[in-house]
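Only one structure is covered here, and it is reproduced in the block below.
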Amino acid sequence: MTDIFGQLARIVGERFVSNNPEEIFFYARDPGLMPAHKPDYVVVPKTAEEIQQIVRLAGKERIPLVPMGAGMSLTGLVIPLKGGIVIDMKRMNGIIEVNEKARYVIVEGGTSQGALKAYLEKHYPRLRHSIPDSPATATVASNTMIHGQGRLSQQYGFNSDMVSGLEVVLPSGEICRIGSCALSPYWFSKGAPLPDLTGLFLGWFGATGIITKIALKLYPRKKMRDVEIFVTDRDDLVSDMVYEITHTEMVEDITIFAQPMPMIFKDNHHITLFITGDTEEELEFKRKMVWSCLDRFIKSKDGGFMSVPPVMKPTLLDMPQRSVSRFADVKKGGGFEYSGPIIPVETYPECARKVMDLASTYDLGYSGMARIIGRSHCMMFGFAFTFNRADEDMMERTRKALEEVSTFAIELGGVFWKPTIDEQRLALEKMDPVTRDLMKMIKGNLDPRSIMNPGNWEVA
């Protein structure tokens, strides 16, 4: 590999390739608990054509490749487990096209959620996309790659369901367009009426190709947003409450949280409801519909609406919610990780009790949080723990708690979201063997040299 640096420099320019120890150190890890592993090189390409050349070089020399967005998955998905080249997508951050009437946007593979949000607010104030609660630097492509969820997921499903086209550099170095854009200048559909091939790339964590362009569906942005919080101490009734709320089809987003601090939140479950409208009359109509659907729980004294003071509303209405990031430093050590299985809403009581039990067993700061997906079709339940990175014992206790979460979630019928390597192995062991063989066939045919993010979704 003595001349690899020189060849990479000829592709992207010497300024945008590095094997300096301080930069290798940074790209060897993510903000979570996964052990670090150093890459050999880091490159920051500007175009899909440069990525093509990098992929062809890696294929020829059998060098592992790891595509990286902002590196915020927390579960080690962009840690180069077998060394090689990390491809940092940050320079490919263009917003290529907004089709206002067809309501979609095309962005490059390194475009951040914050950049897209700001661009739409400035130039297309009546349109919006589904914003996750990750920091604004998280990239659009990475979030959809891991089947992320956002502020519109309660209505429309996972953010990956909102994809309407892809451009991908395959492990062969070829550029492939997926969806209507494969035969039309319009990027309005990721599949139908064609075969939907996006599943060859979404959910694979870069193990089958590198997304260089992605089109997302856009949705109406209402002029007004408001928030209500319904509180109950009956975890066994939460799924019933959510069912009634989603049945009204009046609510844009539903999240649920249970945490011990501040004391006002202790021992309760808070169903946070976000409603939108273009007029006060529309908001008021939606509020009344929600109030009415929950009336039986209020009359039975099993729940009630919490008064949300004006000073608290901006924090709740913030997109993304900065309070989520602040939780990472509760222990004053900048440590935060969570396991977030996708699981039926009816399992909420078991999940809520388990996160509290683990926090007590391992003496950890915690938060139980859920986001409803697709009108209560399922939820993401986050078993979140905060720790001090300077405290090795606390970090080890957090690891053990998360290991228990993995076993608990899969036994309860959950499916891992952005799984660690260990969780991927658990999933593959439990998976239908024919499904597992199909995944092996797809990976083997697309990436016969096993250069794409090796270690991830490796079927023995």
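The values are calculated or read from the model by the stated rules, or taken from the named source; none is laboratory data. Treat the numbers as computed from the prediction; the structure is a model and nothing was measured. Cβ: placed from backbone, ideal geometry, glycine included. Neighbour counts: every protein chain shown. Surface areas here come from the heavy atoms of the whole protein model, side chains and all, with no ligands, DNA or RNA. Shrake-Rupley method; radii C 1.70, N 1.55, O 1.52, S 1.80 Å.
What the table shows:
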read-out	value
FRET efficiency, Arg353 to Leu438 (Cβ-Cβ, R0 30 Å, nearest 0.05)	0.25
Under 20 Å from the Cα of Lys217 - lysines, other chains or at least 8 residues apart	Lys101, Lys117, Lys122, Lys190
The chain - accessible surface per residue (Å², probe 1.4 Å)	44 Å²
Residues whose placed amide H lies under 5 Å from that of Ser189, excluding near-sequence neighbours	Ser180, Cys181
Neighbour net charge for Leu166 - beta-carbon separation under 15 angstrom, K R +1, D E -1	-2
Chain lengthening between Lys82 and Glu121 when straightened (0.36 nm per residue, less Cα-Cα)	9.9 nm
Residue among Ser406, Met356, Ala370 farthest towards the positive dipole end of segment 356-422, charges placed on Cβ	Ala370
Distance-filtered residues of segment 118-143 - backbone nitrogen under 13 Å, label point 7 angstrom along Asp318 Cα→Cβ	133-136
Kirkwood Rh (inverse of mean 1/r, distinct Cα pairs), segment 153-251, angstrom	16.4 Å
Residue (of Asn445, Ile51, Phe383) at the positive-pole extreme of the chain, dipole from beta-carbon charges	Ile51
Whole-number percent relative contact order across the chain, with pairs defined as alpha carbons under 8 Å at least 6 apart	15 percent
Amide N proximity, segment 64-104 versus Glu14 label position 7 Å along Cα-to-Cβ, cut-off under 17 Å	none
Electrostatic dipole magnitude of the chain [Cβ: Lys, Arg +1; Asp, Glu -1; Cα centre; debye, to 20]	1000 debye
Candidate aspartates and glutamates - alpha carbon under 18 Å from Lys223, same-chain residues fewer than 8 apart omitted	Glu100, Glu121, Glu252, Asp253, Asp278, Glu280, Glu281, Glu282, Glu284, Asp318
Label-point separation, Glu281 to Asp196 (7 Å along Cα→Cβ), nm	3.8 nm
Student exercise, segment 40-88 dipole from Lys, Arg, Asp, Glu Cβ charges, in Debye to nearest 20	160 debye
Efficiency of FRET between Val459 and Phe305 - r from beta-carbon atoms, R0 56 angstrom, step 0.05	0.70
Highest average packing first - 61-72, 202-213, 399-410, Cβ atoms within 10 Å	202-213, 61-72, 399-410
The chain, accessible surface, carbon-and-sulfur percent (1.4 angstrom probe)	54 percent
222 nm mean residue ellipticity, helices alone, for the chain (DSSP H n ≥ 4; -39,500 (n - 2.57); rounded to 500)	-9500 deg cm²/dmol
Mean Cβ neighbour count within 10 Å, used as a protection proxy, ranking 120-129, 148-157 highest first	148-157, 120-129
Length added when fully stretched, Arg234-Asn445, from 0.36 nm per residue minus Cα-Cα	70.9 nm
